[in-house]
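The values are calculated or read from the model by the stated rules, or taken from the named source; none is laboratory data. Worth saying up front: this structure is predicted, and the values here are computed from it rather than measured. Here the Cβ is made from the backbone with ideal geometry for all residues, glycine too, and neighbour counts use every protein chain on show.
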Amino acid sequence: MTVKENIEFKVNKAINCELLEVIDESHKHAGHVGARPEGETHFHINMVSADLDGKSRVARQRMVYKVLVDELAGPVHALSLNLKATADEK
């Protein structure tokens, strides 16, 4: 399983997502600190979930970081997040 697939699996298992996009942006960071030639080090997540309703931006981010603690300690060097609650979409 790739790092991207693992992120998708773990987030979908822990958070009820209406939309989940995991984008590998490693190519944009080639040659930077933390980048590996094979990629899968820099990711961006777009998510919409009712599980985020009523939570602050920081609480939403902490939810995702908790789910991906192993990835952030290992292969993932950078993770950017765009997290929206279902209520935000209305």
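Data table
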item: Region 1-29 residues that are more than 24 Å from ALA87 (Cβ to Cβ) and at pLDDT 95 or above, paired with ones that are of a type in the set (Gly, Ala, Ser) and surrounded by 15 or more Cβ atoms within 10 Å (Cβ to Cβ) (beta carbon under 9 Å, 6 or more apart); result: VAL3/GLY39
item: Single unsatisfied condition, ALA59 versus (1) surrounded by 11 or more Cβ atoms within 10 Å (Cβ to Cβ); (2) modelled with pLDDT of 95 or more; (3) in a loop (DSSP other than H, G, I, E, B); result: (3)
item: Long-range neighbours under 6 Å by Cβ, at least six apart or interchain, first residue more than 14 Å from MET1 (Cβ to Cβ) within region 68-79, second of a type in the set (S, T, N, Q); result: HIS77/THR41
item: Some residue of region 68-90 being modelled with pLDDT of 95 or more and either part of a loop (DSSP other than H, G, I, E, B) or at positive phi (or both); result: yes
item: Long-range neighbours under 8 Å by Cβ, at least six apart or interchain, first residue on the phi < 0 side of the Ramachandran plot within region 43-60, second among the polar types (S, T, N, Q) and assigned to a helix (DSSP H, G or I); result: PHE43/SER26; VAL48/THR86; SER49/THR86; ALA50/THR86; LEU52/THR86; ASP53/THR86
